[in-house]
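*Asks:* The structure under discussion is supplied below as structure tokens; questions concerning it will follow.
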Amino acid sequence: MAHRYHAVQNPAHFWRQFGVQMPAAPPEVRVHEQGVFICRPRTDAARGGKLPRFEAATGRWGLIPLFSPDGNDRLTHEAASETAATERNFYQPWKRSHRCVVVADALFETTDSGNELRIERFDGSPFCIAGLWNGWRSPQGACVQSFALLTIDAQEDALMEQLKGDRPRRRPVILPDGWVDEWLYAPIEETSAFLRPYPLQMWVTELSGNPASGVSKRTASAEASSFG
């Protein structure tokens, strides 16, 4: 289960890939903290009568469902792609096509024993994680934005085998760069085509343990590949 990620800090990357200004964001985002996501612009984002292709927004990592009484919902920072369309917490943003991407330099998964797996691209480039976003109206009338990362099954995934433990292993949905536009704009019936594993040869992983676990630091890397 992902518990933190390193957010992209280079404004030039946001402008080059999405044509938008990068909102202020902390270098590290943890569950229930504020992060930046890219989505289709809302109609009120029109400039001179024309909508931009993308919008950069900030929101809570941990999707707040429309029915939430207080906005303090837990365990909503990840959504299983197989059930998001019907799961109570996520089906509203799914059916509304509130899809988004989160741009990160590194993602951190944790194990039952407290070990941590750092995942990043072999070339150090940022990568886009598929997600869902939502807007929730607080009891005070404020519109609070939030998002969740989509995941797929990773029980047989060599990348995630390093996460020893009893919990089901799942893997974030990483999108090739060339798929981001299509993911955000595709008809809802075509979204399942994007929910697939990213090639393992694109990643470098590093496993580290807490002092109590006794796990020594080790690095697993893979050969470069052209994909995206």
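*Asks:* What is the set of long-range amide H partners of residue 170 at a cut-off below 5 Å, with H atoms built 1.01 Å from backbone N?
*Replies:* So residue 170 has HN proximity to 154.
*Asks:* In whole Hz, what ³J(HN,Hα) sequence does the range 28-43 give by Karplus (6.51, -1.76, 1.60; θ = phi - 60°), x for Gly and Pro?
*Replies:* 10, 10, 10, 3, 6, 9, 7, x, 9, 9, 9, 9, 5, x, 6, 5
*Asks:* Next up: Which value in nm describes the separation of the simple spin-label points at residue 181 and residue 34, placed 7 Å from the Cα toward the beta carbon?
*Replies:* With each label placed 7 Å out from Cα toward Cβ, I get 3.1 nm.
*Asks:* Here's something else I'd like to know. List, in order, the whole-Hz ³J(HN,Hα) value for each residue of the range 77-93 obtained from phi through the Karplus relation with A = 6.51, B = -1.76, C = 1.60 and θ = phi - 60°; use x for Gly and Pro.
*Replies:* So the J values, rounded to whole Hz, are 7, 10, 10, 5, 5, 5, 10, 4, 5, 10, 6, 3, 6, 10, 5, 5, x.
*Asks:* Please arrange 60, 53 by how many other C-beta atoms lie within 10 Å of their C-beta, fewest to most.
*Replies:* The order, fewest Cβ neighbours first, is 53, 60.
*Asks:* So what are the ³J(HN,Hα) numbers for the range 117-127, from phi and the Karplus equation (6.51, -1.76, 1.60; θ = phi - 60°), rounded to whole Hz, Gly and Pro as x?
*Replies:* My calculation for the range 117-127 gives 10, 8, 10, 8, 6, 4, 9, x, 6, x, 9 Hz in order.
*Asks:* Could you order the peptides 27-37, 185-195 from most to least packed, using the average number of other C-beta atoms within 10 Å per residue?
*Replies:* Details: 27-37: 17.5, 185-195: 12.9.
Packing proxy ranking, top to bottom: 27-37, 185-195.
Coordinate-derived values only; no laboratory data. The structure presented is a predicted model; accordingly, all values stated were derived computationally and were not measured. Cβ: placed from backbone, ideal geometry, glycine included. Neighbour counts: every protein chain shown.
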